[in-house]
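FYI, it's all coordinate maths here, none of it is from the lab. Bear in mind that the values here come from a model prediction, so they are computed numbers and not experimental data. Note that each Cβ is placed from the backbone with ideal geometry, even for glycine, and that neighbours are counted across all protein chains shown.
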Amino acid sequence: MLEDWKTENVHPPFQHSTIPTFHPFAAISSDPRGWPTTKRACIKLSEYDSILHMQTLTEIAVEKAREGIFTRLEAACWINGGDDRLNALIKRAVGSREVWRICRGLYCLDRRHLRTPVNPLSLAQHIYGPSYISLESALSHHGWIPEAVYTITSASMKRSRSFETPLGPFSFVRIPQSRFFGGVSRIETGGGRSFLMADPLKALADYVCAHNCRWTSADPVIDSLRVDEQSLGELKSADFDLLVGHYRAANVQRFLEGLRRDLKR
């Protein structure tokens, strides 16, 4: 590395007699103020300084970022300096693939720096909220549908949006309702990690709402979604009580009433 510093008008490290204490690389310069005297030296200094701070950013994120996920605002609290410096450090960390950019202002550490990889189901609520995992993603997690699900789908209070991320696609569907978190449970994943997910009946109701289904019985649930009758048999009267009357869409109300009638709940 020392060979790279042997340029014109630049002395090797630690050979100058006047070394200002305020600059860590003052010894490489022939300028008594301690600043490098060639363009090449300035570039080298900037790169080396950036590397040091990039590593510090990553190390701090490893220590402080909950679940390995952090925002730009959190990073700004960890690192002293202005926006330009923060942007440069984040850009370099992303470029080195130590950190992944999920969406604007949201980042997560690469799995190499985590004991447990980031759970996409847990990441969803950080991307866009308030939200909870629902529709096919929730039904698959509960074991109600046989198909594998590759897009993480959530219900949202806000307008529908989709995000393409390094950890896969995320979809958020607006579901108008008066009790948004009624029929939603917190799923613990260990290590203090958790995420919000719709219970099976809530996920079905959200599906009917999102796709504007005209279902009024259990038959299309079994035929179209391939939900097992045994799973439907697990539903209780209290599950319906949590949801009936809280969806603004009339087709959802008709679906819940028809399904409840078929199941004699």
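Observations, loosely collected:
- Across segment 211-219, rounded Karplus estimates of 3J(HN,Hα) from the backbone phi angles (6.51 cos²θ - 1.76 cosθ + 1.60, θ = phi - 60°) give 9, 6, 6, 9, 8, 9, 7, 7, 4 Hz, Gly and Pro being marked x.
- Listed by Cβ neighbour count within 10 Å, with the fewest neighbours leading, E67, E164 appear as E164, E67.
- By other beta-carbon atoms within 10 Å, ranking H141, H113 with the fewest at the front produces H113, H141.
- In range of the label at R97: residues from segment 155-170 whose backbone nitrogen is under 18 Å from the point 7 Å along Cα→Cβ: 165-168
- Pairwise centroid distance, computed over Cα atoms, of segment 189-242 with segment 131-162, Å: 11 Å
- Charge tally in the Cβ shell below 10 Å around A61, where Lys, Arg are +1 and Asp, Glu are -1, A61 excluded: -3
- Using the Cβ-Cβ distance between S185 and A88 with R0 set to 51 Å, the FRET efficiency from 1/(1 + (r/R0)^6) comes to roughly 0.75.
- Among 257-264, 207-214, 222-229, the order from most to least packed when residues are scored by Cβ within 10 Å on average: 207-214, 257-264, 222-229
- Taking every DSSP beta bridge that has both ends in segment 120-263, the antiparallel portion is near 70%.
- Coil-residue trypsin sites (Lys or Arg not before Pro) of segment 87-126, DSSP, other Cβ within 10 Å capped at 16: R97, R104, R115
- J(HN,Hα) series, segment 63-68, from Karplus relation 6.51 cos²θ - 1.76 cosθ + 1.60, nearest Hz, glycine and proline x: 7, 9, 6, 5, 6, x
- As a proxy for reagent exposure, D199, D206 were ordered by neighbouring Cβ count within 10 angstrom, fewest first; the result is D199, D206.
- HN-Hα J in Hz across segment 106-117 - Karplus 6.51, -1.76, 1.60, θ = phi - 60°, x for Gly and Pro: 10, 9, 9, 6, 5, 4, 4, 9, 10, 5, 10, x
- Close amide H partners of S156, meaning residues 5 or more places away or on another chain with modelled amide H under 5 Å apart, are V173, R174, I175.
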